[in-house]
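Chemist: Let me begin by handing over the structure; questions about it come next.
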Amino acid sequence: MTETLPSPIETALQHGRLIVDELTTGYDGQPVLDHVSLHVPDGSFTVIIGPNGCGKSTLLKAMAGHLPAHAGEVRLDDQRVSGIRPKALARRLALLPQSSTAPDGITVVDLVSRGRFPHQSLLHQWSRDDEAAVTRALELTGCLEFADRQVRSLSGGQRQRVWIAMVLAQDTPLMLLDEPTTFLDITRQLDVLTLCRDLQRERGVTLVAVLHDLNLAFRFATHLVVMRDGSVIAEGAPADIVTPELVADAFDLDARVLPDPETGAPMVIPRER
């Protein structure tokens with residue numbers, strides 16, 4: 001009988017977690033994050049919010065091992081992220097950066113197929129599993145209909161969906177998404193965030209996303225991280241931590257916080273300035 005090996009997601013769910021411990025990091029010797037600590041709950045849809053320039057994208061880059069720590073560390077499965085080889089890390093963690101540039105002339109299906117690179121080796125070339133992962137990613141993101149078109153011919157929203165498809169094709173147990181709803185209209189924003197929630201609920205994928213729309217963040221997050229000035233000022237379930245005082249502390253915004261009539265999640269109603 002042939003033994004069935006566990007998928008990367010199944011393996012990570014047995015012992016996986018992502019922890020940021022007293023992390024200080026930044027650019028050109030200037031710190032952006034100052035002794036940041038947080039724990040991403042396994043199997044959660046964690047959403048990071050905060051004003052522009054507070055360090056949200058920097059935190060995501062550090063989590064993905066793309067930015068060295070000045071002090072502290074990021075740990076994945078009790079290993080320092082900085083000590084994991086890039087290709088091995090890419091089989092466990094996928095990052096969708098805030099902005100990406102596709103090579104000239106590349107088609108949608110070819111770009112999405114690049115998400116399978118971490119699973120390739122001299123002994124493991126392109127397989128039916130790779131083909132299935134790419135097709136599924138294209139279907140889930142609504143990109144299958146223009147799979148053979150060049151990426152540069154697409155609208156901004158369509159290109160964003162293609163980048164999300166590439167990350168999905170990577171098939172990792174942990175996904176980091178920096179503003180995944182950029183360039184998308186409200187319908188596609190809901191589609192993308194619903195897809196993320198389905199991955200989290202049905203497949204146990206752990207997601208960490210930076211979002212700017214507070215009400216969408218509160219609606220979809222199972223765990224919320226609130227940042228300001230390079231620090232985490234609150235984290236927890238949205239219903240437990242979102243108050244008018246927190247919104248004022250994070251955003252200098254005078255607002256009411258009411259239950260969303262559709263979901264019951266907190267909803268921010270700004271007052272007249």
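The values are calculated or read from the model by the stated rules, or taken from the named source; none is laboratory data. Quantities reported herein were computed from a predicted structural model and do not represent experimental measurements. When we count neighbours, we look across all protein chains shown, and the Cβ atoms used for this are built from the backbone with ideal geometry, even at glycine. SASA here: full protein model, heavy atoms, side chains in, ligands and nucleic acids out. Shrake-Rupley method; radii C 1.70, N 1.55, O 1.52, S 1.80 Å.
Chemist: So what's the chain giving for Cα Rg divided by 2.2 N^0.38 Å, two decimals?
Modeler: In units of the 2.2 N^0.38 Å rule of thumb, it is 1.02.
Chemist: On to the next question. Taking the Cα centre of the chain as the origin, how large is its charge dipole in debye, to the nearest 20, when only Lys and Arg (+1) and Asp and Glu (-1) carry charge on their Cβ atoms?
Modeler: For the chain, the charge dipole is close to 580 debye.
Chemist: With a cut-off of 8 Å between alpha carbons and a minimum separation of six or more residues, what is the relative contact order of the stretch 159-273 in percent?
Modeler: Value for the stretch 159-273: 18 percent.
Chemist: Also, quick follow-up: If you project the alpha carbons of the stretch 168-207 onto their three principal axes, what span does each projection cover, largest first, in Å?
Modeler: 27, 18, 14
Chemist: Can I ask one more? Per residue, what volume in Å³ does the convex hull of the Cα atoms of the stretch 84-135 enclose?
Modeler: 111
Chemist: Add -39500 (n - 2.57) for each DSSP H run of 4 or more in the chain, then divide by its residues: what number comes out at 222 nm, to the nearest 500 deg cm²/dmol?
Modeler: Per the formula, -9500 deg cm²/dmol.
Chemist: May I ask you to rank Trp126, Trp163 by accessible area, largest first, using a 1.4 Å probe over the protein chains only?
Modeler: Greatest to least solvent exposure: Trp126, Trp163.
Chemist: DSSP beta bridges in the chain, what fraction antiparallel, as a percent rounded to 5?
Modeler: Antiparallel bridges: around 60 percent, rounded to the nearest 5.
Chemist: Expressed as an acute angle from 0 to 90° and rounded to the nearest 10, what is the orientation of the C-alpha long axis of helix 128-140 relative to the principal long axis of the chain?
Modeler: Relative to the chain, helix 128-140 is tipped by roughly 40 degrees.
Chemist: Where does the stretch 17-124 land on Rg(C-alpha)/(2.2 N^0.38 Å)?
Modeler: Dividing the Cα radius of gyration by 2.2 N^0.38 Å gives 1.20.
Chemist: A further question follows. How big is the accessible area of Ser82 in square angstrom, nearest 10, if you roll a 1.4 angstrom probe over the protein chains?
Modeler: Only protein atoms counted, so the area is about 110 Å².
Chemist: Still on this structure, please answer the following. Using a 1.4 angstrom probe on the protein heavy atoms only, could you order Glu145, Glu131, Glu73, Glu235 from most to least accessible area?
Modeler: Largest to smallest exposure gives the sequence Glu145, Glu131, Glu235, Glu73.
Chemist: Can you give the relative contact order of the chain as a percent, counting alpha carbon pairs under 8 Å and 6+ residues apart?
Modeler: 24 percent.
Chemist: To continue, here is another question. In the chain, carbon and sulfur make up what percent of the accessible area (probe 1.4 Å)?
Modeler: Here it works out to 49 percent.
Chemist: Report, to two decimal places, the Cα Rg of the stretch 79-219 normalised by 2.2 N^0.38 Å (N = number of residues).
Modeler: For the stretch 79-219, the normalised Cα radius of gyration comes out at 1.03.
Chemist: So, one more: Kindly report, to the nearest 10 Å², the accessible surface of Lys61 as traced by a 1.4 Å probe over protein heavy atoms only.
Modeler: Its heavy atoms expose roughly 80 Å² to the probe.
Chemist: Sticking with this one: Would you mind working out the accessible area per residue for the chain, using a 1.4 Å probe, and quoting it in Å²?
Modeler: 51
Chemist: Let me ask you something else. Under a 1.4 angstrom probe, counting protein chains only, how are Asp260, Asp229, Asp34 ranked by accessible area, largest first?
Modeler: Asp229, Asp34, Asp260
Chemist: Quote the accessible area belonging to Leu154 in square angstrom, nearest 10, computed with a 1.4 Å probe and with ligands, DNA and RNA left uncounted.
Modeler: About 10 Å², rounded to the nearest 10.
Chemist: Moving on to the next point. For the stretch 184-240, what is the Kirkwood hydrodynamic radius in Å, using each pair of distinct C-alpha atoms?
Modeler: In the stretch 184-240 this quantity evaluates to 12.3 Å.
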